[in-house]
Amino acid sequence: MSFINDFRMHGAREAMASGMVHIEEQVKGLERSVTENPGLAFDLAKTLVESTCKTILSERKIAFSPDDDLPKLFKMVSKHLPFLPELSANEADARRRLSQTLGGLHTSLVGVCELRNSYGFASHGSETQRPVMAGAQAILAAQAADTIIGFLHRVHRQNTVAVTPARVTYEQNQDFNEYVDFANDPIQIFHLEYKASEVLFNVDKEAYRDLLANYSSDEADQDNPVVKSEPSETVQ
């Protein structure tokens, strides 16, 4: 059956081309196993989705345990990826449809895990001989994994590119710098003294950029205890 012999993963290969080069051997192995060793396809499908989830979480600096199983990793990725387009973020109908889509992906994911546990070549040991899965079932698992991998990594990459900030310079954010310096004491090293904003910018630009993104003049006025008027004593 040529459609099986010619099986090729598209979503996973797109992820490879976008930076996930470490999954290349797993992708090639899964493509081969569909016909050569269908049982192994379930294990490789699971491993590929796990690798994708861990890569996304790592690149977004989201902590996870090495012992976290696939459903847990998938839920963590789902929680932190902005699946909903920015302009539709507050639309109830968009949220409902997104929930249905994610539910379908999760069902597919669980199905891959269950097939893997029951029929995977390298899955949990068993004293009884397990039935050999045919190529059609193996390709179903491979296609489900490919769809999930492609979707997750595409959203992750697009969002990362979209939110990548332009080059931030210290001089162009004078109001923010003054706010930081007003709220924090100068940094002293022996007889030398540095502004807190200068130290923040030069030591941790990512933290500087994050704080700057959340900064507003109104928030500065509200959150800075120094600028608030002293409360009058309450007469008992």
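The values are calculated or read from the model by the stated rules, or taken from the named source; none is laboratory data. Note that the structure is a prediction, hence the values are computed from the model and not measured. When we count neighbours, we look across all protein chains shown, and the Cβ atoms used for this are built from the backbone with ideal geometry, even at glycine. Please note that ligands, DNA and RNA were not included when accessible areas were found on the heavy atoms of the full protein model with its side chains. Shrake-Rupley method; radii C 1.70, N 1.55, O 1.52, S 1.80 Å.
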Exercise. For the range 6-17, name all the residues that are surrounded by 16 or more Cβ atoms within 10 Å (Cβ to Cβ) and either of a type in the set (Gly, Ala, Ser) or in a helix (DSSP H, G or I) (or both).
Key: GLY11, ALA12, ARG13, GLU14, ALA15, MET16
Quiz item: Among all residue pairs at least 6 apart or on different chains, which show Cβ distances below 8 Å where the first residue, located in the range 59-71, is free of Cβ contacts under 8 Å to residues at least 60 places away in the same chain and in a loop (DSSP other than H, G, I, E, B) and the second is exposed (fewer than 12 other Cβ atoms within 10 Å of the Cβ) and of a type outside the set (S, T, N, Q)?
Solution: none
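Looking at SER118, SER229, SER217, SER123, can you tell me which residue is surrounded by 15 or more Cβ atoms within 10 Å (Cβ to Cβ) and either at pLDDT 75 or above or of a type outside the set (A, V, I, L, M) (or both)?
Working: SER118 fails: surrounded by 15 or more Cβ atoms within 10 Å (Cβ to Cβ); SER229 fails: surrounded by 15 or more Cβ atoms within 10 Å (Cβ to Cβ); SER217 fails: surrounded by 15 or more Cβ atoms within 10 Å (Cβ to Cβ).
So the residue among SER118, SER229, SER217, SER123 that is surrounded by 15 or more Cβ atoms within 10 Å (Cβ to Cβ) and either at pLDDT 75 or above or of a type outside the set (A, V, I, L, M) (or both) is SER123.
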Quiz item: For ALA41, are the conditions met, namely being within 17 Å of LEU105 (Cβ to Cβ), in contact (Cβ under 8 Å) with a residue 40 or more places away in the chain, open to solvent by less than 10 Å² (accessible area, probe 1.4 Å) and assigned to a helix (DSSP H, G or I)?
Solution: no
Exercise. Would you mind telling me which numbered condition in (1) of a type in the set (Asp, Glu); (2) loosely packed, with under 10 Cβ neighbours inside 10 Å; (3) modelled with pLDDT under 70 ASP223 fails?
Key: (2)
Self-check item: Condition broken by LEU84, with the remaining ones in (1) among the hydrophobic types (A, V, I, L, M, F, W, C); (2) within 29 Å of ARG8 (Cα to Cα); (3) modelled with pLDDT of 85 or more satisfied
Solution: (3)
Quiz item: Given (1) closer than 15 Å to ILE149 by Cα; (2) open to solvent by 40 Å² or more (accessible area, probe 1.4 Å); (3) within 14 Å of the chain's Cα centre (by Cα), where does LYS61 come up short, assuming only one miss?
Solution: (1)
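Name the single residue, out of those in the range 17-38 being acidic (Asp, Glu) and more than 23 Å from the chain's Cα centre (by Cα), that is farthest from GLN143 (Cα to Cα).
GLU36
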Quiz prompt | Per-region count, the range 18-38, residues among the β-branched types (Val, Ile, Thr) and open to solvent by less than 10 Å² (accessible area, probe 1.4 Å) | solution = 3
Exercise. Under 8 Å between Cβ atoms, at least 6 apart or on separate chains: pull out the pairs that start in the range 152-170 with a residue that is more than 23 Å from LEU48 (Cβ to Cβ) and end on any residue that is modelled with pLDDT under 85 and outside any loop (DSSP other than H, G, I, E, B).
Key: PRO165/ARG209; PRO165/ALA213; VAL168/LYS205; VAL168/ARG209; VAL168/LEU212
Self-check item: Subset of the range 94-115 [at pLDDT 70 or above and of a type outside the set (A, V, I, L, M, F, W, C)]
Solution: ARG96, ARG97, SER99, GLN100, THR101, GLY103, GLY104, HIS106, THR107, SER108, GLY111, GLU114
